[in-house]
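So the structure is just underneath, and the comments pick up after that.
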Protein chains: 2
Amino acid sequence: MTITLFDLAGSEDDRRFSPYCWRAKMALKHKGLEFEAVPWRFTDKDAIAFSGQKLVPVLVDGGHTVYDSWNIALYLDEAYPQRPGLFEGYESRALCEFFSQWAFRTLHSSLFKVIVLDIFARIHEKDRAYFRESREKRFGMTLEEFGAEPKQKLADFRGALEPLRPVLVQHQFVSGKGPGYADYILFGAFQWARTISPIRLLEPEDPLFAWRERLLGLWGNYAREAKGFPVWA
Amino acid sequence: MTITLFDLAGSEDDRRFSPYCWRAKMALKHKGLEFEAVPWRFTDKDAIAFSGQKLVPVLVDGGHTVYDSWNIALYLDEAYPQRPGLFEGYESRALCEFFSQWAFRTLHSSLFKVIVLDIFARIHEKDRAYFRESREKRFGMTLEEFGAEPKQKLADFRGALEPLRPVLVQHQFVSGKGPGYADYILFGAFQWARTISPIRLLEPEDPLFAWRERLLGLWGNYAREAKGFPVWA
């Protein structure tokens, strides 16, 4: 039975911009598993009510329903141990938990300010009131205030990437010799932007640029072919 | 032949406060290796001139001279593969490189502002002019300006620890089930403070407090017995 993933979509069915759904999709590809990524919108709460959740990703694999990208990664390694592992072992899994916390608190928070207005422009019409209301409540300001001074926000985001650069000069991937779950955590942030915003996040001489190219090229350009904006050279 | 580690000391021979030397000492203990930690001061350049370096840690193991705490960790795992590994494998080693970069750029930079004046008060008299001049040049301000508003600086440091807290609620150690090199990277920062400053960095209810207790207790309280200030409960 094919695995189903409920996957956040924008105004068009094939504009898939959730960084957490990207983590789950890259994890499924890494495991070599077939899956159907069903478009879902913020306000489609009924469609995933069976899972007890109000947010995606939600994965359904036969009788198993798993929510939250981290739980999905752990589930996939546990349910499919004979396929390539997302983590080398328990230590790298614990270190990935730190990496995920860092990405959430540092990268996502600064990148969100860069792309928030592009997100708002490309989400489904039925999601707009929900998005504005929920985010403005969270930020304590309007979307327009949150996304003001985009040049400064972009500089802040590029600065937040600083600890990654020496690592990606030394190694092809955050996980070392080959892509691992830490790479998918980081890549999710870049796909969040690439699918929804024309902004140029990285300069070609940035070690992260070549790393992102490697990720975009995996599995026959799987992520590159997703609807989004090209990565300019 | 006993391994020798050149280890930064303060006004007293047994006040050892370098975070990088602490990484090396914890790595040596982890490997179960005997070593002598020789006191060294910032201005003792001649004592380590044979290594081509001007900074510690410098490790001498028979015919091998190794400098830089990261190189020392890699050397120890390579030279003593039959002893407990500092890294589970190549992936966790790459993730530790990121962790080390993050600790340097985020934790050390904010903690240095909290303890800089305590360091200056407890370094060897012969190091004072060197320390003031080199650090004031690096900071572009006086030591006193750099260390001003210590309450705000402490709050910033505690904030910088945020991504670690969910991990240490979930796991006993940053490396998961047992202490690994990532723990020694983080612990080095806390020993830097504990050996030189009476400041209370953590509240007992902080998950990092219990984690630090675990590290202080390793190998029969090895790090706790180092000259420093008690960790108040």
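Would you say residue B:40 is open to solvent by less than 50 Å² (accessible area, probe 1.4 Å), more than 12 Å from residue B:195 (Cα to Cα) and touching a helix residue (DSSP H, G or I) at 6+ places or on another chain (Cβ under 7 Å)?
When the stated conditions are applied, residue B:40 passes them.
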>> touching a helix residue (DSSP H, G or I) at 6+ places or on another chain (Cβ under 9 Å) and surrounded by fewer than 16 Cβ atoms within 10 Å (Cβ to Cβ): which single residue out of B:147, B:188, B:176, B:159 fits that description?
In response: B:159
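Taking into account only those residues within the range A:156-212 that are part of a loop (DSSP other than H, G, I, E, B), within 14 Å of another protein chain (Cβ to nearest Cβ) and of a type in the set (A, V, I, L, M, F, W, C), which is nearest to residue A:223 (Cα to Cα)?
Top of the filtered list is A:174.
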> Does residue A:103 fit the bill of being aliphatic (A, V, I, L, M), within 14 Å of chain B (Cβ to nearest Cβ) and assigned to a helix (DSSP H, G or I)?
Replying inline: yes
> Here are B:138, B:214, B:224: which of them is touching a residue at least 24 places away in the same chain (Cβ under 8 Å) and of a type in the set (Lys, Arg)?
Replying inline: B:214
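Considering each of A:92, A:110 in turn, give the residue that is open to solvent by less than 10 Å² (accessible area, probe 1.4 Å), of a type in the set (S, T, N, Q) and within 14 Å of chain B (Cβ to nearest Cβ).
A:92
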>> Whether any residue in the range A:119-139 is among the β-branched types (Val, Ile, Thr), on the phi < 0 side of the Ramachandran plot and either part of a helix (DSSP H, G or I) or modelled with pLDDT under 95 (or both) is what I want to check.
In response: yes
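The values are calculated or read from the model by the stated rules, or taken from the named source; none is laboratory data. Computed from a predicted structure; not experimentally measured. Note that we place each Cβ from the backbone using ideal geometry, even for glycine, and neighbour counts take in every protein chain shown. For the accessible areas, the whole protein counts, side chains as well, though only heavy atoms, and no ligand, DNA or RNA atoms are used. Shrake-Rupley method; radii C 1.70, N 1.55, O 1.52, S 1.80 Å.
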